[in-house]
Amino acid sequence: MSLATRPAPVIDNWNREFWEGCARHELRLQKCTATGKCFFPPAPVSPFTGRPDWSWITASGKGTLWSFVVFHQNYFDGMKDELPYPVVMVQLDEGPFLLTNLDGMDRSTLRIGMRLSVRYPGGPEGFTLPQFGPEGTAP
């Protein structure tokens, strides 16, 4: 597997802080000022109020495996050498869901409800992609 060949994210005004946080090994989320709820993906307004009243927080980087699927078909040229690979939906402890990949674990060990934590093993040039692995183990 080579994270360097993965597609690079498209940066905009709303997700820039998220990707800059990943480069610092921090998982950044927006938090609605009125409700105190975190949300993802980054957006100009809170999905809870429709207002631009939010701030950035550093999340715990911990969550629960909510769902997963194993890709057997090549959708991204930069990931064809990884087939078949799991794509996982992690519910972060702060509430939002994050669609991501795994680091340091095999798909055969996946169990819905298992605890995971964020890792930052690398990414395409100029980016660090957040990946998740088993909670409590060193990356």
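Each reported figure results from applying straightforward, stated rules to the coordinates on display, with no laboratory input. Just so it is clear, the model here is predicted, and its values are computed rather than measured. Methodologically, a virtual Cβ is constructed for each residue, glycine included, from the backbone with ideal geometry; neighbour enumeration extends over all protein chains shown.
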Discussion item. Could you identify which residue out of T35, T64, T128 has the top mean-square fluctuation in a GNM of the chain using Cα springs shorter than 10 Å?
Written reply: T35
Worksheet item: Once you have the alpha carbon radius of gyration of segment 57-101, what is it after dividing by 2.2 N^0.38 Å, with N set to its residue count?
Response: 1.37
Worksheet, complete the sentence: Per-residue ellipticity at 222 nm attributable to helices in the chain (runs of n ≥ 4 DSSP H, -39500 (n - 2.57) apiece, nearest 500 deg cm²/dmol) works out to -1500 deg cm²/dmol
Worksheet item: Which of H25, N15, Q91 sits farthest toward the positive end of the charge dipole of the chain, with +1 on the Cβ of Lys and Arg and -1 on the Cβ of Asp and Glu?
Response: Q91
Discussion item. Shape verdict for segment 1-72, please, from the Cα gyration tensor: rounded (a/c under 1.5), prolate (a/b greater than b/c) or oblate.
Written reply: prolate
Discussion item. Over the chain, what is the relative contact order in percent, taking alpha-carbon pairs closer than 8 angstrom and at least six residues apart?
Written reply: 26 percent
Worksheet item: Which ³J(HN,Hα) values, rounded to whole Hz and listed in residue order, are derived for segment 18-23 from phi using the Karplus coefficients 6.51, -1.76 and 1.60 in 6.51 cos²θ - 1.76 cosθ + 1.60 with θ = phi - 60°, glycine and proline given as x?
Response: 4, 5, 5, x, 4, 4
Fill in: Highest average packing first - 12-24, 113-125, Cβ atoms within 10 Å
113-125, 12-24
Discussion item. What percent of all Cα-Cα pairs in the chain falls into each 10 Å bin, going from 0 up to the bin containing the maximum distance?
Written reply: 12, 40, 36, 12, 1
Fill in: Overall form of segment 68-129 per C-alpha gyration tensor (a/c, 1.5; a/b vs b/c)
oblate
Practice prompt. For A59, enumerate residues with amide H under 5 Å from its amide H, sequence gap 5+ or separate chain, H modeled in the peptide plane.
Written response: L27, R28, L29
